Structure formats: structure tokens, C-alpha cells
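See structure below.
The values are calculated or read from the model by the stated rules, or taken from the named source; none is laboratory data. Worth saying up front: this structure is predicted, and the values here are computed from it rather than measured. Virtual Cβ from ideal backbone geometry, glycine too; neighbours counted across all protein chains shown.
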Amino acid sequence: MISATHYLTLAAILFVIGTVGVITRRNVITMFMCVELMLNAVNLTFITFSHFFEPDRWPDLCFFRHDGGRGRGSCGSGADRRPFSPHRHS
Amino acid sequence: MTLIVCYGLATTAVTAALLVVLMSRAVYSALALIVCFGATAGLFFQLGAQFIAAVQVIVYAGAIMVLFLFVIMLLDPESEVFLPSRLKKVSGFALAFAVLFTLVLLQAADRWAAVQVLTGPIAGTERASWPGGEIETLAHSLFRDYLLPFEVTSILILVAVLGAVVLTRQNHEEE
């Protein structure tokens, strides 16, 4: 039987892997991807809580994470361009 | 059966997440991240959030990852080589595992405190069915109860787009 604890532990493990990536990786894009991992883990906890505690409601919060991910992705593509472009054109 | 699928998805997700962190090239990390998102989408599906699983696949494995791959292909981040200092690496792992230990400990404490709500059975059937369909219920709560936060996120995206434009233009002026 799979309980909420299993899902929450899995989410914690994924979150920690993402944290390790953000702290140890020195590549901006990889760091962003690790942030995505952390957001994904938090999403998993939201849906777990929604499933086990409020089964008749939708996990609305998850959609805000998707919106935020989109915005951060577009901003990240602009921000990533900064450190690299001068070297490429000089 | 459900148990096997769930454990398989969880193992896939954790392995792919580890690959994201450990792969030396950003392209491989992005591909592993797609696998991780796919496995997580399967878990969402199992938890009864079918629509969010679909959105996860469409938006994340589709749009966001294509964006990441574009950025990687266009900018070649491998040209920028940093070597993380040993101290930072060690402290990163130590901090992260401290966080993990705390989280697991908290959950164990919750269990020992006999919070039996947490250990309810999982079955897709026990979830109540929504009157008027899932998507309609979602639309009602998103556009009526949470209309203001939803609109605020659009401002967030606007700010992000403006930030991307500003950062890129500054760069061109410097050249």
C-alpha cells in the first residue's frame, strides 16, 4: 500500500537532489534545470496533499507553478545570454 | 500492479534526477530532466490529477524543455568552464543531506505520532467525482476563486519577458 509518506519522501529526495545541483553545479542553465527539479518536487507534494487531504478539490496551486516556470524560463534564456555573448563575438 | 508501477516511476524519477545533477554536459542533463518530468507526470496521473499530468507533459516536457535545448544549442554553455571549489561541493552535499535527513525525520515523527490520516490507501476510485466535469471545476476555481492570483502571474510573466529583453539589449549596447 502506498501512503502519502511514500510520495512525500520521494518529493523530499527529488527536492534534495535539485538542491545539490543548484549548489554544486556552476553552469547557469544546469542550475536552472535543478531549480525545475525542486519546483517539480514541490508540485508533487501539493498534489499528494490534495489527493490525501482534500480529495474533492483540485490542486489549484500547481497551475501557478506552471505559470512561474514559463516566466522564469523566458527570463532565464535572456539572462543566460549575458555572460556568454561577449566571448562569442570578440 | 499499482505498487509496481508506482515504484518503477519513483525509481525512474530519482535516477533521472541524479543524472541531471551528475551529467557533465548540459544537453544530457536536459534529456534526463525530460525523463524525470515524464515519470513525475505518471505519478500525478496515479494520484488522480490527470489534467495536471497532461499539462506537465505538454508544458514542461514540450515547451520548457525545448526552450532549454534551444538555449543550450545556441549559447554552448560548455564554453564556460567553471570548476566548483571543493569546499562548496562538500558544503553543498552536507547541507542537502541535512535537509533530507530533517525532512525524513519529520515524516517519521509524524508517523510515530500516529497521524494515521497520512497512511490512507491510495486508489484512483476513492476520489470524488466532480459535478460538471474536472476541467469545469478547475476553471471555476481558477477564474472565480483565484482570479486575482491568476492575473498576478500574468504580470510576473510580463516582468520576466521585459527582463529578458532588457538583459539582452544591455549586452548589445556594451558591444
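Can you report the number of residues in segment B:28-37 which are touching a residue at least 24 places away in the same chain (Cβ under 8 Å) and small (G, A, S)?
1
Report whether or not B:D110 is among the acidic types (D, E) and either modelled with pLDDT of 75 or more or surrounded by 15 or more Cβ atoms within 10 Å (Cβ to Cβ) (or both). Let's see the steps before the verdict.
Values: among the acidic types (D, E): yes; either modelled with pLDDT of 75 or more or surrounded by 15 or more Cβ atoms within 10 Å (Cβ to Cβ) (or both): yes.
Here the answer is yes, as B:D110 does meet what is asked.
Could you please let me know if B:P131 is modelled with pLDDT under 75, under 21 Å from A:A11 (Cα atoms) and exposed (fewer than 14 other Cβ atoms within 10 Å of the Cβ)?
Values: modelled with pLDDT under 75: yes; under 21 Å from A:A11 (Cα atoms): no; exposed (fewer than 14 other Cβ atoms within 10 Å of the Cβ): yes.
When the stated conditions are applied, B:P131 does not pass them.
Which of the residues belonging to segment B:38-55 are among the β-branched types (V, I, T) and free of Cβ contacts under 8 Å to residues at least 12 places away in the same chain? Let's see the steps before the verdict.
First, the residues of segment B:38-55 that are among the β-branched types (V, I, T): B:40, B:52, B:55.
Across segment B:38-55, the qualifying residues are B:I52, B:V55.
Does at least one position in segment B:73-93 carry a residue that is touching a Phe, Trp or Tyr at 6+ places or on another chain (Cβ under 8 Å), assigned to a helix (DSSP H, G or I) and at pLDDT 70 or above? Let's see the steps before the verdict.
Here is the first cut: in segment B:73-93, the residues touching a Phe, Trp or Tyr at 6+ places or on another chain (Cβ under 8 Å) are B:75-77, B:79-80.
Subsequent filtering for residues that are assigned to a helix (DSSP H, G or I) retains B:75, B:77, B:79.
Narrowing further to those that are at pLDDT 70 or above: B:75.
Taking every residue of segment B:73-93 in turn, at least one turns out to be touching a Phe, Trp or Tyr at 6+ places or on another chain (Cβ under 8 Å), assigned to a helix (DSSP H, G or I) and at pLDDT 70 or above.
Looking only at segment B:37-59, count every residue that is more than 7 Å from chain A (Cβ to nearest Cβ) and within 20 Å of B:T12 (Cβ to Cβ) and tell me the total. Steps first, please.
Residues of segment B:37-59 more than 7 Å from chain A (Cβ to nearest Cβ): B:38-39, B:41-42, B:45-46, B:50-51, B:53-54, B:56-58.
So of that shortlist, the ones also within 20 Å of B:T12 (Cβ to Cβ) come out as B:38-39, B:41-42, B:45-46, B:50, B:53-54, B:56-58.
Summing the residues that are more than 7 Å from chain A (Cβ to nearest Cβ) and within 20 Å of B:T12 (Cβ to Cβ) in segment B:37-59 gives 12.
Scanning for something touching a residue at least 60 places away in the same chain (Cβ under 8 Å), surrounded by 15 or more Cβ atoms within 10 Å (Cβ to Cβ) and at the interface with chain A (Cβ under 7 Å from one of its Cβ atoms), does segment B:17-27 turn up at least one residue? Before you say what the answer is, go through the steps one by one.
Keep residues of segment B:17-27 that are touching a residue at least 60 places away in the same chain (Cβ under 8 Å), which gives none.
Within segment B:17-27 (the criterion being touching a residue at least 60 places away in the same chain (Cβ under 8 Å), surrounded by 15 or more Cβ atoms within 10 Å (Cβ to Cβ) and at the interface with chain A (Cβ under 7 Å from one of its Cβ atoms)), the answer is no, since none of the residues qualifies.
Is there a residue being at pLDDT below 75 and either within 27 Å of B:E151 (Cα to Cα) or of a type in the set (A, V, I, L, M, F, W, C) (or both) anywhere in segment A:22-45?
Looking for residues that are at pLDDT below 75 and either within 27 Å of B:E151 (Cα to Cα) or of a type in the set (A, V, I, L, M, F, W, C) (or both), one finds none in segment A:22-45, hence no.
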